[in-house]
1. Distance between the C-alpha centers of segment 133-158 and segment 48-63? Whole Å please.
2. How many percent of Cα pairs in segment 86-138 exceed 19 Å?
3. I need the Kirkwood Rh of segment 170-439: take the reciprocal of the average 1/r across all distinct C-alpha pairs and report it in angstrom.
4. Compute the acute angle (0 to 90°) between the alpha-carbon long axis of helix 143-161 and the principal axis of greatest extent of the alpha-carbon atoms of the chain; round to the nearest 10°.
5. What do you get when you divide the Cα radius of gyration of segment 236-328 by 2.2 N^0.38 Å, with N the number of residues?
6. Working from Cα positions, state the angle (0 to 90°, nearest 10) between the long axis of helix 60-74 and the longest principal axis of the chain.
7. For segment 161-303, what does the alpha-carbon gyration tensor say about shape, rounded, prolate or oblate, given a ≥ b ≥ c as the root eigenvalues, a/c under 1.5 as rounded, and a/b over b/c as prolate?
8. For a quick protection proxy, order the peptides 301-313, 86-98 by their average other-Cβ count within 10 Å, most packed first.
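Each reported figure results from applying straightforward, stated rules to the coordinates on display, with no laboratory input. Values in this document were obtained by computation on a predicted structure and should not be read as measured data. FYI the Cβ positions are ideal-geometry reconstructions off the backbone, even for glycines, and counts take in every protein chain you see.
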Amino acid sequence: MIKSARLLCVCCVCGLLSGLTPAQTRAQDTAVASGVRIGLTYDRHGKPGIAITPVSGPNADSVRAILIRDFDFSDRITVIAPDSGEPPTGALNYPLYAKLLATTVVQAVVTPAGALHVAVHDVAQKRVALVLDIALPTPAYSGDWRAVVHAAADSIEWIVTGQKGIAGTRVMYARNSGRSTQLWTVDSDGANARPVAGTENAMSPDWHPSGKKIVYDLLPDDGRHRIVVRDLTGATPTWSTGAASLNFSPVFTPDGSKVVFAAGNDATDLYEASPGSADPPRRLTSRKGSSNSSPTFSPDGRRIAFTSGLLGHPEVYITDADGSSSELLTASGFGDRLFRSNPAWSPDNRLVAFQSRINDVFQVMTISVRDNSTRQWTSDGANEDPSWAPDGRHLVFVSTRTGTKELWVLDLDTSRARQLTHGGRVQNPAWSPRLELSRQP
């Protein structure tokens, strides 16, 4: 089964936990001297099996439950986690774990001092490959406490698979509370949902690439939509604009220096603005009797996909970042019920996800940027507003498949879908970049 080994430097492991302060974490190989290259042996063509032993110490069951969910929801790992048993002591029985098809064993302890101690064992090599010691913030179960456990899961996933995990990310979305909306965030495993203070009447959020700021569409009492940029550490906006009566669907450029949004007094065009600058927004598109909205950038920042009604109904177009060389991306087809909108460009630059009306119901689809081949991903209920995870493998979207509008996550490699939110009345999801622990909204 074992076909290759990935070697990892100890200093690279420490870099994975860069979101933790020096006082919170240390990572070292207890089996070899500092600087010696270590690694885990695994089947690169399958899903490696990770055995998670019972955890001991305060809040041990919760720590183990989070690790199990994070590995499961990564969709790259086969989790081996017995429901009962005592934490192992002494030397591990590596041949036994090998019979269970485990390539890795994760052994965790929560110390009386409140630190999370994790030993990651390479079953094939019969040795400890990595040790993590991470201080758990107080109180237990808080957002920061959960973020540390998620960070540990992501680090272990990277060691085992060579892929960066998404456990330490969050999804921001708008929740309708009757007459108004407010922005909320939820952990990538569906736990820890909470409102973002000071975002009443806000919609259509987008994350700054650093994860430290957000931009959103605000509809205050005067009825004039505004675009607002806010630092997540502060309660007041750091910048806003609203020269036209309509200003909505804002996004940051990939380098975070500018914001592109739709604006107009009737029909709309795309505009670019520099937050903090006194310069007026620069117009990027010419509406030509139609509305242009919902911009999304290619990862290199050179192109923008957006929705336009140029053909008399919404379709997805691509333009250069300066607004030149616009071309149709989605095929126009025939009929009077065509509606393709809300594009989202994948982090790996291969696909654009969008919503398409099929039999009068929206469904999530993707189109290849290279050859325009399309694929429909949903069919149960109405599904709309796709947003990509940083791994380029998972999509979050709004679905009515349970009877109310909830967020669902889809793994494009396996087509596995899971419900993310509960409570209904949600819209406009935006998946965060990988977050620093001090930037948990």
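1. When both Cα centres are located, 13 Å separates them.
2. Details: 442 of 1378 pairs.
I get 32 percent for the Cα pairs in segment 86-138 exceeding 19 Å.
3. Values: mean 1/r = 0.0539 Å⁻¹.
Result for segment 170-439 stands at 18.6 Å.
4. Approximately 70 degrees, to the nearest ten.
5. Working: Rg = 12.7 Å, N = 93, 2.2 N^0.38 = 12.3 Å.
Scaled against compact globular proteins, the figure is 1.03.
6. Helix 60-74 sits roughly 50 degrees off the main axis of the chain.
7. Working: a/c = 1.80, a/b = 1.28, b/c = 1.40.
Because a/c hits 1.5 or more and a/b fails to exceed b/c, segment 161-303 counts as oblate.
8. Numbers: 301-313: 19.2, 86-98: 12.2.
Highest mean packing first, the order is 301-313, 86-98.
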